[in-house]
Amino acid sequence: MDELKRMIRDATEEEVKAMLFQTFIRLNMLEETEKYTEKQFVADVNKLYNAFLHAKREEQIDRSEKAGIVHILFGDAAAGSVKWVLREMGVQKKEHVLSLDDLFSIGPVWQLHEKEGVERRHHWIKNHLLADEEYLDEYVSRFSHAATLIRSLPEKTAIKIWAGKNAHEQTGLRYVLYLLRGKKNDIFLVDTTGYILSSDTEYVPLHMGEMIPETLQEIVKTNGHVQRLTKEQRRHYEEEWMQLSFSEEVLRIWNRHAIASVDEAYYDQMIIKKAEKLQKDEFVKSARLIGEVYGHLDQYIGDEYIEYRLRHLIMSGRFEIEGVPRAMRFYSVKLK
């Protein structure tokens, strides 16, 4: 069902209209023609359904096989920007984008290259973060589908993995390279942070989702800070993934040019100190407190993780609460 939802969402308006038209024709035949039975109707609709699924699956594989270059990115915002860049450059038919829409700096990554690991991560997200229901319902199917597409990339296709200096993208980089282990593709690392630092700018984005499309376009045009990975480098990243995949921690930061797994309460004191400055003996909107903490982070962990830790501090008795914590806009907090 999740796969069907995704395919319908990604289908063109013409495809959806054609499916609807074919179904309505058969409904009309069922009502007006005695020779056309309900059994035939069910059989025909089943054929339409299977033909649609087959066509969409083949379409995804075909796009990857025809692409001379596949760009792999972490997060739909970043992927959307690069898709825009490729369209603007007129190379979208030759260069394809694959997105792993997740935040790899938070949540368990234990054995994430296996089904059990994906299900464990889904269970943690579902029970600790206030995520959208549709996102949660489709999580395992969508994540597994993206991993399958990556594993099935033909070896003649060049692969560019975009990853800046942050735990989110660097963890994703190691995960993807492990999925591609043993394959003979030319694999390139696009170092977005290196490009930003070399461009003499004052603002260094924490992750690709904060980068403007014009900067990404310049990277694509100039091949700036794009490095072809050697066998030794790929093996090193694969080994680092295996180390990560045996860890039980749910929070990772980028520290001294490496991914560091830290205790999940790593930012709790920061939350408390920001609350001390804001509250002035009054309740503070949780959204304001979370925004204040998020705005001073030098890591990309997402505001949903800060909100999770705030709820934990409420349950452990460190904060009082006013309202219902079903979303950060619905409640306020005050230190006891």
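Kindly provide the set of residues from the stretch 83-131 that are among the charged types (D, E, K, R), at pLDDT below 95, outside any helix (DSSP H, G or I) and surrounded by 19 or more Cβ atoms within 10 Å (Cβ to Cβ), ordered by number. Don't jump to the end; show me each part of the working.
So in the stretch 83-131, the residues among the charged types (D, E, K, R) come out as 83, 87-88, 93-95, 101-102, 114-116, 119-121, 126.
Among the residues that remain, those that are also at pLDDT below 95 are: 83, 87-88, 93-95, 101.
The next check asks that each one be outside any helix (DSSP H, G or I); those that pass are 93-95, 101.
Scanning the stretch 83-131 gives a single hit, 95.
Name every residue in the stretch 326-336 that is surrounded by 17 or more Cβ atoms within 10 Å (Cβ to Cβ) and under 26 Å from the mean Cα position of the chain (by Cα), in order of residue number.
Of everything in the stretch 326-336, just one residue is surrounded by 17 or more Cβ atoms within 10 Å (Cβ to Cβ) and under 26 Å from the mean Cα position of the chain (by Cα), namely 328.
Under 7 Å between Cβ atoms, which residue pairs at least 6 apart in sequence (or on different chains) link something in the stretch 237-257 that is touching a residue at least 24 places away in the same chain (Cβ under 8 Å) and in the same structural domain as residue 206 (by TED's automatic domain parsing) with a partner that is outside any loop (DSSP other than H, G, I, E, B) and charged (D, E, K, R)?
237/174; 240/174; 241/174; 244/174
Just to be sure before I move on: is residue 216 in the same structural domain as residue 105 (by TED's automatic domain parsing), within 29 Å of residue 111 (Cα to Cα) and of a type in the set (A, V, I, L, M, F, W, C) in the structure I sent? Write out each step before concluding.
Working: in the same structural domain as residue 105 (by TED's automatic domain parsing): yes; within 29 Å of residue 111 (Cα to Cα): no; of a type in the set (A, V, I, L, M, F, W, C): yes.
Against the criterion (in the same structural domain as residue 105 (by TED's automatic domain parsing), within 29 Å of residue 111 (Cα to Cα) and of a type in the set (A, V, I, L, M, F, W, C)), residue 216 does not qualify.
In the stretch 7-28, which residue that is in a helix (DSSP H, G or I) and surrounded by 15 or more Cβ atoms within 10 Å (Cβ to Cβ) is modelled with the highest pLDDT?
Let us first name the residues in the stretch 7-28 that are in a helix (DSSP H, G or I), namely 7-10, 13-28.
Within this subset, residues satisfying the condition of being surrounded by 15 or more Cβ atoms within 10 Å (Cβ to Cβ) are 7, 15, 19, 22-23, 26.
Values: 7: 63, 15: 68, 19: 69, 22: 71, 23: 81, 26: 74.
Among them, the one singled out is 23.
Consider residue 39 carefully, then state whether it is in the same structural domain as residue 147 (by TED's automatic domain parsing), modelled with pLDDT of 75 or more and exposed (fewer than 15 other Cβ atoms within 10 Å of the Cβ).
Numbers: in the same structural domain as residue 147 (by TED's automatic domain parsing): no; modelled with pLDDT of 75 or more: yes; exposed (fewer than 15 other Cβ atoms within 10 Å of the Cβ): yes.
So residue 39 fails the test.
Which condition from (1) in the same structural domain as residue 236 (by TED's automatic domain parsing); (2) closer than 18 Å to residue 109 by Cα is the one that residue 304 breaks?
(1)
Applying the selection to the stretch 146-177, what residues are closer than 21 Å to residue 114 by Cβ and surrounded by fewer than 16 Cβ atoms within 10 Å (Cβ to Cβ)?
Hits for the stretch 146-177 are 148, 151, 152.
So residue 275 ticks every box in (1) outside the structural domain of residue 120 (by TED's automatic domain parsing); (2) in contact with a Ser or Thr (Cβ under 6 Å, 6 or more places away or on another chain) but one. Which box is left unticked?
Only one criterion in (1) outside the structural domain of residue 120 (by TED's automatic domain parsing); (2) in contact with a Ser or Thr (Cβ under 6 Å, 6 or more places away or on another chain) is unmet by residue 275, namely (2).
Would you say residue 140 is in contact (Cβ under 8 Å) with a residue 60 or more places away in the chain, within 15 Å of the chain's Cα centre (by Cα) and either surrounded by fewer than 19 Cβ atoms within 10 Å (Cβ to Cβ) or part of a helix (DSSP H, G or I) (or both)?
Yes, satisfied.
Given the structure, is residue 290 surrounded by 16 or more Cβ atoms within 10 Å (Cβ to Cβ), assigned to a loop (DSSP other than H, G, I, E, B) and touching a residue at least 12 places away in the same chain (Cβ under 8 Å)? Steps first, answer last, please.
Numbers: surrounded by 16 or more Cβ atoms within 10 Å (Cβ to Cβ): yes; assigned to a loop (DSSP other than H, G, I, E, B): no; touching a residue at least 12 places away in the same chain (Cβ under 8 Å): yes.
Here the answer is no, as residue 290 does not meet what is asked.
The values are calculated or read from the model by the stated rules, or taken from the named source; none is laboratory data. Just so we're clear, the structure is a prediction, and the values are computed from it rather than from any experiment. Cβ atoms come from the backbone with ideal geometry, glycine included; neighbour counts cover every protein chain shown.
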